[in-house]
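Reviewing the structure listed below.
The values are calculated or read from the model by the stated rules, or taken from the named source; none is laboratory data. All figures in this text were calculated on a predicted structure; none of them were measured in a lab. Methodologically, a virtual Cβ is constructed for each residue, glycine included, from the backbone with ideal geometry; neighbour enumeration extends over all protein chains shown.
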Amino acid sequence: MQDVAIQPALSAIPASNRVQRLALTMWRHRWLYLLLIPPMLYYLIFRYIPIYNAQIAFKDFFALKGVEGSPWVGLQHFETFFKSFYFNELIINTIVFSAAKLVLGLPIAIILALAIHESRFLFFRSIVQTVTYLPHFLSWVIMLGLLLALLSPSSGMINEVIKAMGGQPISFLTSPAWFRQVVVLSDIWKETGWSTILYLAALLSVNPELYEAAEVDGASRWRRIWHISLPSIIPVVVLVTLLRLGNILDGGFSQIWVLYSVPVYSVGDIIDTWVYRSGVLDFQFSLATAVGLFKGVIGLILIVVANHIAKRVAQQSLF
């Protein structure tokens, strides 16, 4: 009854007043705004409020003294990280993993989405789509078990084939020469199907009349894909690429931590795994925070630059 009484009052507000007009609009869409409350609270509580504690990156943090009581040390923790013996190695490994996953995973996901969209067999499309995105829901612990079943030097399926062909078994997960390939390909295997959903949704939103008109004009299937399908998903491709560039220094902590071991530290250790060992396990919380802040700043710079380039080149952007 209260809602019924308020709505006519808001309707009588003069449209010339911007604030009142905004209030009227918000009232009309009040249920949509209510749906926004849970995610907004999540980001406020777990993302924005903790930013206050990021100041420990510039302090020698002691838990007993708290954030306010810990002494300031300036940029000491940043210098510790930059002067670390492993700094160059960590940066290279992190960028190599992130760039390889992006450069190889993006076109594979697009091709898979186009193949599923162009398939005329609905049952086959459903099976392929389900099988490809199912690994996304598996944890990396389970994926490790699958990889061991495939790559184990003693009984792995792939090594059994190698031995049957007269070759020597390869220790894929402990060999510096093979570890990066295993990480990149296993990530593509796990995440490509999930990424495909984004592009497939964009393809399904294309007006079917465009395809029908092109077919009437004599355009082949490849022409329809090139001139209709691909241009239709460019905005989504740009959006996904921009978001991935912002996380270029996230090499995939969960995956690397589960898969790697001491023999492959030189090619597998990334910023996050080093921070976990040096910052968290050794209780150097200030160092871990400093590195996290460094990653955030670099990610912000990359996403702003990439957004500017995308806006000028592809006329697509986040903001």
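Quick grid of which residues meet (1) surrounded by fewer than 16 Cβ atoms within 10 Å (Cβ to Cβ); (2) closer than 16 Å to Y199 by Cα; (3) over 25 Å from the mean Cα position of the chain (by Cα):
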position: E89; (1), (2), (3): no, no, no
position: V96; (1), (2), (3): no, no, no
position: A100; (1), (2), (3): no, no, no
position: L104; (1), (2), (3): yes, yes, no
position: I116; (1), (2), (3): no, yes, no
position: S119; (1), (2), (3): yes, yes, yes
position: F124; (1), (2), (3): yes, no, yes
position: V131; (1), (2), (3): yes, no, no
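The single condition among (1) closer than 25 Å to S254 by Cα; (2) assigned to a helix (DSSP H, G or I); (3) in contact with a helix residue (DSSP H, G or I) (Cβ under 6 Å, 6 or more places away or on another chain) that I116 does not satisfy is (1).
Output the helices (runs of 4 or more DSSP H) that fall wholly within segment 142-218 and possess 2 or more residues being crowded, with 18+ Cβ neighbours inside 10 Å, or say none. Before you say what the answer is, go through the steps one by one.
Numbers: elements: 157-164, 179-204, 208-216.
Counting at least 2 such residues, we get 179-204.
If the condition is being at pLDDT 90 or above and in contact with a Gly (Cβ under 9 Å, 6 or more places away or on another chain), then segment 91-131 contributes N93, T94, I95, V96, F97, S98, K101, A109, L112.
Checking the conditions here, which among Y33, Y42 is more than 25 Å from the chain's Cα centre (by Cα) and surrounded by 10 or more Cβ atoms within 10 Å (Cβ to Cβ)? Don't jump to the end; show me each part of the working.
Numbers: Y42 fails: more than 25 Å from the chain's Cα centre (by Cα).
Exactly one of Y33, Y42 is more than 25 Å from the chain's Cα centre (by Cα) and surrounded by 10 or more Cβ atoms within 10 Å (Cβ to Cβ), namely Y33.
With (1) within 26 Å of G251 (Cβ to Cβ); (2) in a helix (DSSP H, G or I) as the list, and E68 as the residue in question, which single condition is left unmet? (1) is the only condition that E68 fails. Filtered by the rule that a residue be over 14 Å from the mean Cα position of the chain (by Cα) and farther than 15 Å from N93 by Cβ, segment 179-195 gives L185, S186, W189. On inspection, V161 fails the criterion of being among the β-branched types (V, I, T) and touching a residue at least 12 places away in the same chain (Cβ under 8 Å). Checking each residue in segment 265-283 for being among the aliphatic types (A, V, I, L, M) and buried (at least 22 other Cβ atoms within 10 Å of the Cβ) picks out I270, I271, V275.
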